[in-house]
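A.B. asks: Handing you this structure, nothing more for now.
The values are calculated or read from the model by the stated rules, or taken from the named source; none is laboratory data. Small disclaimer: the values here were computed from a predicted structure and weren't measured. Every residue, glycine as well, gets a Cβ built from its backbone with ideal geometry; the counts of neighbours run over all protein chains shown. These area figures cover heavy atoms from the full protein model, side chains too; ligands, DNA and RNA do not enter into them. Shrake-Rupley method; radii C 1.70, N 1.55, O 1.52, S 1.80 Å.
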Amino acid sequence: PCWRVEQFVVAQECTRCSGFQMKTIPACGPTGFIERINCASSHRDEYKSCRSAALEAQRFWRFVGSALGVAAAAAALVVLRQRVLDRRALEKVRKQIESI
């Protein structure tokens, strides 16, 4: 591709590929988004795979939400486990006091 060896200008910003473009343009494959570029020296129009900022932001917030969910579940399990251990310790102390 000319954009790897030459300077280029972005002719069309990063957009989602349509179903037809997914089948006909190989650059759509990796990310599902393409941008049209013009190479300066060879004056060729080509397509380049790109990443959508909106999609990246959505994935980031989904990851943050899932991390918070896992953290909340882990915290709840820690609290429940601590209650069980406290109950066992109190029962052990009670049995020791009764045996005296």
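A.B. asks: For V93, all conditions in the list (1) in a helix (DSSP H, G or I); (2) surrounded by fewer than 10 Cβ atoms within 10 Å (Cβ to Cβ) hold save one; what is the number of the exception?
C.D. replies: With respect to (1) in a helix (DSSP H, G or I); (2) surrounded by fewer than 10 Cβ atoms within 10 Å (Cβ to Cβ), V93 is out only on (2).
A quick yes/no check of all residues on (1) under 22 Å from V5 (Cα atoms); (2) at pLDDT below 85; (3) assigned to a loop (DSSP other than H, G, I, E, B):
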| site | (1), (2), (3) |
| --- | --- |
| I34 | yes, no, no |
| S42 | yes, yes, yes |
| L55 | no, yes, no |
| V79 | no, no, no |
| L85 | no, no, no |
| A89 | no, no, no |
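A.B. asks: Restricting the first residue to the stretch 41-52 and requiring it to be without any contact (Cβ under 8 Å) to a residue 40 or more places away in the chain, which pairs with a second residue that is open to solvent by 90 Å² or more (accessible area, probe 1.4 Å) and assigned to a loop (DSSP other than H, G, I, E, B) meet a Cβ separation below 7 Å and a spacing of at least six or different chains?
C.D. replies: What qualifies is S49/P30.
A.B. asks: Out of all the residues in the stretch 9-46, which are touching a strand residue (DSSP E or B) at 6+ places or on another chain (Cβ under 7 Å), of a type outside the set (V, I, T) and open to solvent by 70 Å² or more (accessible area, probe 1.4 Å)?
C.D. replies: Q12, E13, R16, P30, R36, D45
A.B. asks: While we're looking at this one, here's another question. Given the conditions (1) open to solvent by less than 70 Å² (accessible area, probe 1.4 Å); (2) in contact with a Phe, Trp or Tyr (Cβ under 8 Å, 6 or more places away or on another chain), report the number of the one that A67 does not fulfil.
C.D. replies: (2)
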